[in-house]
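Mind looking over this structure? Questions follow.
The values are calculated or read from the model by the stated rules, or taken from the named source; none is laboratory data. Here the structure is a predicted model, which means the values were calculated and not measured. Cβ coordinates were reconstructed from backbone atoms using ideal geometry, including for glycine residues, and neighbour counts include every protein chain displayed. Just the protein is used for accessible areas: all its heavy atoms, side chains included, with ligands, DNA and RNA removed. Shrake-Rupley method; radii C 1.70, N 1.55, O 1.52, S 1.80 Å.
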Amino acid sequence: MLKKITETTATYGLGSPPGRRLHRILSGPYNGRQVALMLTSASELKYSYADAPYLSWSTPVSISTGLNDAPFDSYITDNGDIHVAYTTETNLYLETRKLTFSSGSWSVGSAVTIFNVNPCANPSIAGETGGKLWVAWSRDVSGTKTLCAKSSSDDGATWGTGSTDTGDVLTAGSSAVYPKLLIGATRIDLVYVDGISSLLYRSRAITDSNWGSADTVASGSTLDSHFDAAISGSGLLGVVYDQAQLNFREYDGSNWGAVEVLDNESTLFPQIIYVEAVPFVIYYISESSEQLLAKQTSRSGGSFAIPQVLDSRSSYFDSITLYDSSAAAYSDQTANGASGSTADFYHPSSGRIIDAAGDLLYLGGDRKFRYLYIILSTVGSGGTLSYSYFDGINWKAFAPSGGAFGFDSAEKRLLLWDDFDSVPSDWQKNTVNGSNRYWVRIEVISSFTTAPIGTQLTSISDIHSISVRR
């Protein structure tokens, strides 16, 4: 995380996986300016923007209050206007607001009701090059979910024939509906999960007034909102979806390609973008019940590459070294610290991670890191610790952003620094026990009464969702 923008208490701070929350101005004097949208609480939607190198973000500005703590979506026009679609807190009606871009900033318009007959959910919004807007959403009728879509030809001022117009009804009804609406040069594409058993695709030519019949992209019993879709510059439609493994299919306008398995692990929040003709896929895998590791793969040749960790700064440590002051001995515990096996992470001389005054825990990375995830099998008590990094000359003490931690709880998510921009610029590599890394050193100042024994220690950040800029 390069720069922390704000905190959130919302369940769906970044909406759902298929949504769009990060945009960029593509031309003019503010070319390159990025704008991020997020629920900062269960009921308030805000935006914040920044210019390159994106280290200074504006104070978040309120777009609307009274929202439902649920997925939302947004679309940016070529001139920088943003249209946001969301559901209301009280009645779960579907609303939209236009953010008009002028002189480098956005002004928030009044709420416009898209549909107010039934509870709504999971909106997806997009626009044609000519300016016509489209929205797809899930409508709840007595517990049965139906996919609807309708358009606005007046820049979002009215939708269809009004707020009671259901628009095009595209499904017969099921337990859940999650849509992703995309618009290319010649057609409108709609990829959606219908129930938990079908991932479907429908389209219509921009010049037509009828939707085509549904194609089955995938079927089974584990489909949900964890899918995404994107259109390449040449008009290819790529779809990634989780079905106890990460799958990819591509549509050339006439035929669907074969299913390609990108990762055998169950995945979360998959995101796909095309860079020219190359699809890039970013996603999370669950390393434990509490740790999500971001990975990525791309198809630069004829097939997708073996998935790699997206950011090595938020992964497993390159080195974990323990020093027992009584034995005056180092112990490499890199593998045991990463494994997650219960009670296998300790210095062989003491049987503990750290114990007596002068004992040291070194955490090392080839790149600077900012976060610790700690699981203990035996919780420590009575000890006091200091945290430090090497500044090129000395070990420099610092207070973790997340507060002092004395290895006195079974599980701890510890922020060392709020974001990567806050990581000390004078932090230098140093050689410890033969390994040259960026080290954080944790030293025992006063001995433990009960010393900790470890199960796992990683730098995998506590991140639960991701949004790729479109």
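Across the stretch 89-124, what is the total count of residues that are over 30 Å from Gly143 (Cα atoms) and among the basic types (Lys, Arg)?
Total satisfying the criteria: 1.
Would you be able to say whether some residue in the stretch 140-147 is open to solvent by 50 Å² or more (accessible area, probe 1.4 Å) and either within 30 Å of Asp51 (Cα to Cα) or not in a strand (DSSP E or B) (or both)?
yes
Still on this structure, please answer the following. Every residue in the stretch 57-108 that is out of contact with any Gly (no Cβ under 7 Å at 6 or more places or on another chain), aromatic (Phe, Trp, Tyr) and part of a strand (DSSP E or B), please.
Tyr86, Trp106 - these are the residues of the stretch 57-108 that are out of contact with any Gly (no Cβ under 7 Å at 6 or more places or on another chain), aromatic (Phe, Trp, Tyr) and part of a strand (DSSP E or B).
Looking for something open to solvent by less than 10 Å² (accessible area, probe 1.4 Å), of a type in the set (D, E, K, R) and modelled with pLDDT of 95 or more - is there at least one such residue anywhere in the stretch 164-178?
The initial filter retains those residues of the stretch 164-178 that are open to solvent by less than 10 Å² (accessible area, probe 1.4 Å), namely 177.
Next cut, of a type in the set (D, E, K, R) only: none.
Within the stretch 164-178 (the criterion being open to solvent by less than 10 Å² (accessible area, probe 1.4 Å), of a type in the set (D, E, K, R) and modelled with pLDDT of 95 or more), the answer is no, since none of the residues qualifies.
Next question. Exactly one of (1) surrounded by fewer than 19 Cβ atoms within 10 Å (Cβ to Cβ); (2) without any contact (Cβ under 8 Å) to a residue 60 or more places away in the chain; (3) part of a loop (DSSP other than H, G, I, E, B) is unmet by Ser386. Its number?
Failing condition for Ser386: (3).
Return the total of residues in the stretch 188-231 being of a type in the set (S, T, N, Q), in a strand (DSSP E or B) and exposed (fewer than 14 other Cβ atoms within 10 Å of the Cβ). Let's see the steps before the verdict.
Taking the stretch 188-231 and keeping what is of a type in the set (S, T, N, Q), we get 197-198, 203, 207, 209-210, 213, 216, 219, 221-222, 225.
Applying the additional criterion that residues be in a strand (DSSP E or B) yields 198, 203, 216, 219.
This time we only want the ones that are exposed (fewer than 14 other Cβ atoms within 10 Å of the Cβ), so: 216, 219.
So the count comes out to 2.
Please give the number of the condition Thr161 fails out of (1) under 19 Å from Trp211 (Cβ atoms); (2) open to solvent by less than 60 Å² (accessible area, probe 1.4 Å); (3) in a loop (DSSP other than H, G, I, E, B).
Thr161 satisfies every listed condition except (2).
Identify, by number, the condition in (1) open to solvent by less than 50 Å² (accessible area, probe 1.4 Å); (2) among the polar types (S, T, N, Q); (3) over 26 Å from Leu14 (Cβ atoms) that Ser234 doesn't meet.
Unmet for Ser234, out of (1) open to solvent by less than 50 Å² (accessible area, probe 1.4 Å); (2) among the polar types (S, T, N, Q); (3) over 26 Å from Leu14 (Cβ atoms): (1).
Considering only residues of the stretch 394-421 that are in contact (Cβ under 8 Å) with a residue 60 or more places away in the chain and not in a strand (DSSP E or B), which is farthest from Val379 (Cα to Cα)?
Residue satisfying both the conditions and the ranking: Asp421.
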